[in-house]
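Trainee: The structure under discussion is supplied below as structure tokens; questions concerning it will follow.
The values are calculated or read from the model by the stated rules, or taken from the named source; none is laboratory data. What you see is a predicted model; the values in this text were computed from it and never measured. Neighbour counts run over all protein chains shown; Cβ positions are idealised from the backbone, glycine included. Accessible surface is based on the protein model in full, side chains and every heavy atom, while ligands, DNA and RNA are left aside. Shrake-Rupley method; radii C 1.70, N 1.55, O 1.52, S 1.80 Å.
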Amino acid sequence: MNEMKKSIWTRDYILFLILACFFYMNSFMLNPVIASYTKELGGSANDIGLTGGIMSAAALILTPIGGPIVDRWNRKRLALASTALILFANILYYTASHVSLFILARGIQGVGFAFACILLSTAASTMFSDEIVGKAVGIFSAVQAASQALAPSIGLFIRDHFGNRNVFILTTALMIFCLLLIPGVQNFGCISDKKRSFSFRPKDILLIHMLPTTVTCFIAGFLIHVLTSYLDPVTHALGSASGMGIFFTIYASALLLTRGFLSPVLDRTTLGKVVLICCPLGSIAMILLQLQQNALLLWIGGILFAAGVGTLQTMSQVALVKSVDSSRRGIANSTYYIGMHAGHALGGYCGGLLLQDSLMNTYFFYFAAVCLIPLVTAFLSPRQYFHHSRQS
């Protein structure tokens with residue numbers, strides 16, 4: 001077993017964070033241009049919902065086997081293979097001349113995305129000792145969230161000034177950079193010494209006892225996808241797009257500040273306490289995003305969304321990772337991404353279907369109610385949400 005390092009800021013960890021940053025920027029830079037590019041290719045409202053959700057749907061299907069594979073197989077080779085697959089999908093985006101080819105490319109990216117997400121999260125949670133795993137996952141999650149938040153504004157800027165296809169040129173370049181960077185990362189976290197045979201039994205692909213926590217992952221993924229994919233068309237429809245230019249920059253900054261503030265307490269607090277504070281914050285954020293009477297209100301909504309939903313995303317992952325020992329953290333992260341991918345898939349599809357002129361004045365109000373669901377789950381499963389527990 002690889003030695004667990006005590007210091008957070010090792011060369012490998014810094015390179016690993018850069019790799020994670022560009023990987024997540026690739027995927028989320030595409031989200032805000034999906035709707036406009038699907039329309040450019042002649043797609044319908046149903047096609048927009050399909051292209052918005054199929055990548056996450058494909059990732060969801062493969063995620064259950066991703067955890068056991070990451071716990072057993074060579075992670076560097078898996079990283080190279082999944083990155084190469086995503087690179088191929090990005091090339092297909094640029095060459096797509098019909099909606100069907102674009103949908104196929106989204107599905108292919110979903111396959112690579114499924115394994116890469118679990119691999120990166122598991123590496124972050126197994127590079128260090130249990131005493132600082134919350135801090136390590138928190139920093140990784142901050143980089144992940146900031147990348148996801150900044151990427152849409154970059155994608156929108158390139159789309160508005162140079163066209164949709166030039167976004168795909170940049171995302172392709174990012175994946176080429178990732179392929180070149182992976183060989184330089186020597187430590188992708190320890191792999192279990194247990195020589196367990198691969199199994200499709202539910203307990204070997206999913207933390208069944210942690211399903212209530214996975215509901216929080218699902219809701220976070222659902223709302224994040226709605227925000228990053230559909231805020232731009234909604235603000236334009238409402239005639240209040242003046243604040244969109246720097247919205248995602250403000251949102252990303254809020255994420256970084258929030259994660260930096262919370263990082264020291266991630267190893268001590270419980271998910272339940274976070275849910276009690278962050279669900280109402282997220283709900284208020286959605287209401288402000290709908291009202292958005294001026295740019296300031298839009299920006300405040302983004303800050304509250306980062307503090308609320310962004311924190312729910314991080315803490316739900318930490319809770320899952322800390323519920324098992326290091327030999328099962330691939331499965332823990334697989335469970336997390338089952339929730340996140342399901343949320344992204346349903347959020348992408350539902351958000352696309354609701355993107356109708358008759359619903360623009362109430363669009364985000366529906367999602368304000370969705371944000372309160374983890375509160376119900378927390379009170380139905382108080383032991384899991386309000387107490388620290390670990391299962392071998």
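Trainee: Is it the case that the stretch 330-341 has a residue that's crowded, with 24+ Cβ neighbours inside 10 Å, more than 30 Å from W73 (Cβ to Cβ) and under 23 Å from the mean Cα position of the chain (by Cα)?
Mentor: no
Trainee: Taking T258, is it under 22 Å from the mean Cα position of the chain (by Cα), surrounded by fewer than 23 Cβ atoms within 10 Å (Cβ to Cβ), at pLDDT 80 or above and among the polar types (S, T, N, Q)?
Mentor: Yes, satisfied.
Trainee: I'm trying to understand the selection: among the residues of the stretch 330-374, which are more than 18 Å from I34 (Cβ to Cβ) and among the small types (G, A, S)?
Mentor: Within the stretch 330-374, G330, A332, S334, G339, A342, S358, A368, A369 meet the criteria.
Trainee: Can I ask one more? Any residue in the stretch 192-205 that is at pLDDT 75 or above and either in contact with a Gly (Cβ under 8 Å, 6 or more places away or on another chain) or open to solvent by less than 20 Å² (accessible area, probe 1.4 Å) (or both)? Before the answer, list the steps.
Mentor: To start, the set of residues in the stretch 192-205 that are at pLDDT 75 or above comprises none.
No, every residue in the stretch 192-205 fails to be at pLDDT 75 or above and either in contact with a Gly (Cβ under 8 Å, 6 or more places away or on another chain) or open to solvent by less than 20 Å² (accessible area, probe 1.4 Å) (or both).
Trainee: Just give me the residues in the stretch 121-143 being modelled with pLDDT under 80 and not hydroxyl-bearing (S, T, Y), in sequence order.
Mentor: Residues satisfying the conditions are M127, F128, D130, E131, I132, V133, G134, K135, A136, V137, G138, A142.
Trainee: Any idea how many residues of the stretch 158-170 are of a type in the set (F, W, Y) and surrounded by fewer than 15 Cβ atoms within 10 Å (Cβ to Cβ)? First the steps, then the outcome.
Mentor: Kept after step one, since they are of a type in the set (F, W, Y), are these residues of the stretch 158-170: 162, 168.
Now restrict to residues that are surrounded by fewer than 15 Cβ atoms within 10 Å (Cβ to Cβ): 162.
Residues meeting the conditions: 1.
Trainee: Taking the stated definitions as given, is Y349 open to solvent by 10 Å² or more (accessible area, probe 1.4 Å), at pLDDT below 85, within 17 Å of the chain's Cα centre (by Cα) and under 29 Å from D47 (Cα atoms)?
Mentor: Working: open to solvent by 10 Å² or more (accessible area, probe 1.4 Å): yes; at pLDDT below 85: yes; within 17 Å of the chain's Cα centre (by Cα): yes; under 29 Å from D47 (Cα atoms): yes.
In short, yes.
Trainee: Still on this structure: When the residues of the stretch 65-106 are filtered to those that are β-branched (V, I, T) and farther than 22 Å from D325 by Cα, which remaining residue is surrounded by the fewest Cβ atoms within 10 Å (Cβ to Cβ)?
Mentor: Keep residues of the stretch 65-106 that are β-branched (V, I, T), which gives 65, 69-70, 83, 86, 91, 95, 99, 103.
In the following step, the residues that additionally are farther than 22 Å from D325 by Cα were identified as 83, 86, 91, 95, 99, 103.
Values: T83: 26, I86: 26, I91: 15, T95: 11, V99: 20, I103: 19.
Within the stretch 65-106, the match that is surrounded by the fewest Cβ atoms within 10 Å (Cβ to Cβ) is T95.
Trainee: Assess whether L62 counts as being open to solvent by less than 10 Å² (accessible area, probe 1.4 Å) and either closer than 18 Å to I86 by Cα or modelled with pLDDT under 80 (or both).
Mentor: When the stated conditions are applied, L62 does not pass them.
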